[in-house]
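Enquirer: This is the structure, below, for whatever I ask next.
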Amino acid sequence: MAILTISREFGSGGREIGQDIAKLLNYEYINKERLLADMHAVGKDWEEYGKNLDEHCPTIWEKYDWSFRGFNALLQSHILHYALNDKVVIMGRGGNFLLKDIPYALRVRITAPIEQRVERIMKRESVDRDTAKWLTERTDNERSCLIHSIYGKKWDNPAEYDMVFDTGIQTVGEITNIVKDALLAKEKLNTAEAKNILGMKTVAAEIKAGILTEPGFFVPTLDVYYDGKNLILRGVIHNPKEHKKIEDKAKEIAGDIPIKCELHYRG
């Protein structure tokens, strides 16, 4: 089975395409509301933080805040856990960047001319033209800024996607059929090797989230990743005592999976 990620301009019809694909192929549909519900299960404070942050351009203070890093780590961990189950449509939230090296993930971008999007938002939200235009431009800017803050990538770069569509040129139905066929073709790339890579990325994300959401840890920089052979825990910490606690936490989450620990002390 395959994975679909959809990034879309506000009012482009990307949401409808994602919902239609999920219904046609019996794929699980993962959107903002579903992910915020997952956050609530971890802790109501994380859900509230997510509501305030989502589609909001973080300030310089927020970018370096403990909660911002913890929320992003949790969000990525949840997205990867859903992806690991296959047969899933992941809406926005930078899913295309998280799954870039997974061969059976199809990364799609949906765009449309601004006037067409304004018309769609006027009907959908029952607002006037000026309000719809303001809402459309503001939402796009906030989404773009948030994605750049998390991934350091440009949200609208076509090179970051496998397929880019314009609903001003093709209808939602036409695009849905093309994406459906491309997604089915991706299924043959769901090999044991590819599945293992995604599994390791998921464990790495879970470790990172576990550490960055632990109130007792204050880690200036931290990365946990799979290098193709090993899970690597890399970061800057304050002292040997903290080193042991963080390493123990990582090993607890990883279970039987070995980890190479490359933590360094701040000078």
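Enquirer: Output the qualifying pairs, or none if there are none: Cβ atoms under 9 angstrom, residues six or more apart or on different chains, first residue in the stretch 226-246 and closer than 30 Å to Lys100 by Cα and without any contact (Cβ under 8 Å) to a residue 12 or more places away in the chain, second residue of a type in the set (A, V, I, L, M) and outside any helix (DSSP H, G or I).
Expert: none
Enquirer: Further question on the same structure: Within the stretch 140-189, track down each residue that is of a type in the set (S, T, N, Q), part of a loop (DSSP other than H, G, I, E, B) and surrounded by fewer than 18 Cβ atoms within 10 Å (Cβ to Cβ).
Expert: So in the stretch 140-189, the residues of a type in the set (S, T, N, Q) come out as 141, 144, 149, 157, 167, 170-171, 176-177.
Okay, now just the ones that are also part of a loop (DSSP other than H, G, I, E, B), so 157, 167, 170-171.
Across the stretch 140-189, the qualifying residues are Asn157, Gln170, Thr171.
Enquirer: Residues of the stretch 138-189 being under 20 Å from Phe97 (Cα atoms) and among the aliphatic types (A, V, I, L, M), which ones? Working first, answer last.
Expert: Within the stretch 138-189, the first condition is being under 20 Å from Phe97 (Cα atoms), and the residues that meet it are 139-165, 179, 182-183, 186-187, 189.
Within the stretch 138-189, Leu146, Ile147, Ile150, Ala159, Met163, Val164, Val179, Ala182, Leu183, Leu189 meet the criteria.
Any read-out appearing in this document is the output of simple, stated calculations on the displayed coordinates, not a laboratory observation. On a predicted model such as this, the values are computed, not experimentally measured, just so you know. Glycine also receives a Cβ, built like all others from the backbone with ideal geometry; neighbour counts cover every protein chain displayed.
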